[in-house]
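Okay, structure first, notes after.
The values are calculated or read from the model by the stated rules, or taken from the named source; none is laboratory data. Remember, predicted model here, so these are calculated numbers, not experimental data. Heads up, the Cβs are rebuilt from the backbone with ideal geometry, glycines too, and the neighbour counts pull from every protein chain shown.
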Amino acid sequence: MSLAVCPGSFDPLTLGHVDVVRRARSMFDEVVVGIARNSAKSPLLAAEHRVALAREAFAADPGVRVEVVPGLLADFVREVGAVAVVKGLRGGADFDGELPMALMNRHLTGVETVFVVGDPALAHIASSLVKDVARFAGPIDDLVPPGVADAVRAAWAARA
């Protein structure tokens, strides 16, 4: 059985993320969506909340499960027995940012990173842009799975 990890902060989970996970699932028997705590970012949503939202979004997708990555991705990949890490690409800038991480993960684990090109119709959707639009009360419902828009709006309201 082949298992891949699709890691990210998913703050918040977007339809672009969902697209990449589903594409990965078509290539692997199981995909673990790894909700990571990125020390370089200050998250809007707590990791546990992101896990709950992702579990809801993938509830009808057999072979997809959601877990928190408690530390180093390389350790998590070994722990779950993954044969690959899957990362989505929207364009060249994404590749430039992902390549060093892919090389480091391969160095640490021997596990390859598979890059999946997402649906071009979703290429403009980034978590950071979704948060920015929501911060100023803009519409984000068509950019994220059901329930996520309400969670993002509530998080911004709590910070106000």
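So R55 fits all but one of (1) touching a residue at least 12 places away in the same chain (Cβ under 8 Å); (2) surrounded by 15 or more Cβ atoms within 10 Å (Cβ to Cβ); what number is the exception?
So R55 meets the others, but not (1).
Could you figure out which of (1) surrounded by fewer than 22 Cβ atoms within 10 Å (Cβ to Cβ); (2) out of contact with any helix residue (DSSP H, G or I) (no Cβ under 7 Å at 6 or more places or on another chain); (3) among the charged types (D, E, K, R) isn't true of R50?
Single failed check for R50: (1).
Starting from residues that are small (G, A, S) and surrounded by 17 or more Cβ atoms within 10 Å (Cβ to Cβ), keep the ones in region 102-124 and report whichever is modelled with the lowest pLDDT.
Result: G118.
If I filter region 76-97 down to residues being assigned to a loop (DSSP other than H, G, I, E, B), modelled with pLDDT of 95 or more and among the small types (G, A, S), which single residue comes out as farthest from V20 (Cα to Cα)?
Restricting attention to region 76-97, the residues satisfying the condition of being assigned to a loop (DSSP other than H, G, I, E, B) are 81-83, 90-91.
Cutting the leftovers down to modelled with pLDDT of 95 or more gives us 81-83.
Okay, now just the ones that are also among the small types (G, A, S), so 81-82.
Working: G81: 20, A82: 17 Å.
Per the stated criteria, the residue is G81.
Restricting attention to region 125-142, does a residue exist that is under 24 Å from S2 (Cα atoms), among the acidic types (D, E) and loosely packed, with under 14 Cβ neighbours inside 10 Å? Let's see the steps before the verdict.
We begin by selecting, within region 125-142, every residue under 24 Å from S2 (Cα atoms); these are none.
No - not one qualifying residue is present in region 125-142.
All but one of (1) part of a strand (DSSP E or B); (2) over 15 Å from the mean Cα position of the chain (by Cα); (3) not charged (D, E, K, R) hold for P146; state the number of the condition that does not hold.
The failed condition is (1).
Could you figure out which of (1) in a loop (DSSP other than H, G, I, E, B); (2) in contact with a Ser or Thr (Cβ under 7 Å, 6 or more places away or on another chain) isn't true of G71?
(2)
Out of (1) in a loop (DSSP other than H, G, I, E, B); (2) at pLDDT 95 or above, what's the single condition that is false for V66?
The single condition V66 does not satisfy is (1).
Identify the residue in region 105-128 that is aliphatic (A, V, I, L, M), part of a loop (DSSP other than H, G, I, E, B) and farther than 20 Å from V85 by Cβ and, among all such residues, is nearest to the chain's Cα centre (by Cα). Write out each step before concluding.
Narrowing region 105-128 to residues aliphatic (A, V, I, L, M): 108, 111, 114, 116-117, 121-123, 125-126.
Add one more test, that the residue is part of a loop (DSSP other than H, G, I, E, B), and what stays is 111, 123, 125-126.
Adding the requirement that they be farther than 20 Å from V85 by Cβ leaves 123, 125.
Details: A123: 14, I125: 12 Å.
Among them, the one singled out is I125.
Name the residue that is surrounded by the fewest Cβ atoms within 10 Å (Cβ to Cβ), counting only residues in region 18-42 that are at pLDDT 95 or above and in contact with a helix residue (DSSP H, G or I) (Cβ under 8 Å, 6 or more places away or on another chain).
Residues of region 18-42 that are at pLDDT 95 or above, as a first pass: 18-35.
Subset that is in contact with a helix residue (DSSP H, G or I) (Cβ under 8 Å, 6 or more places away or on another chain): 18-19, 31-35.
Working: V18: 23, D19: 18, V31: 28, V32: 25, V33: 28, G34: 24, I35: 26.
Checked region 18-42; the qualifying residue surrounded by the fewest Cβ atoms within 10 Å (Cβ to Cβ) is D19.
For region 77-117, give me the residue count where each residue is closer than 28 Å to W156 by Cα and in contact with an Asp or Glu (Cβ under 9 Å, 6 or more places away or on another chain).
3
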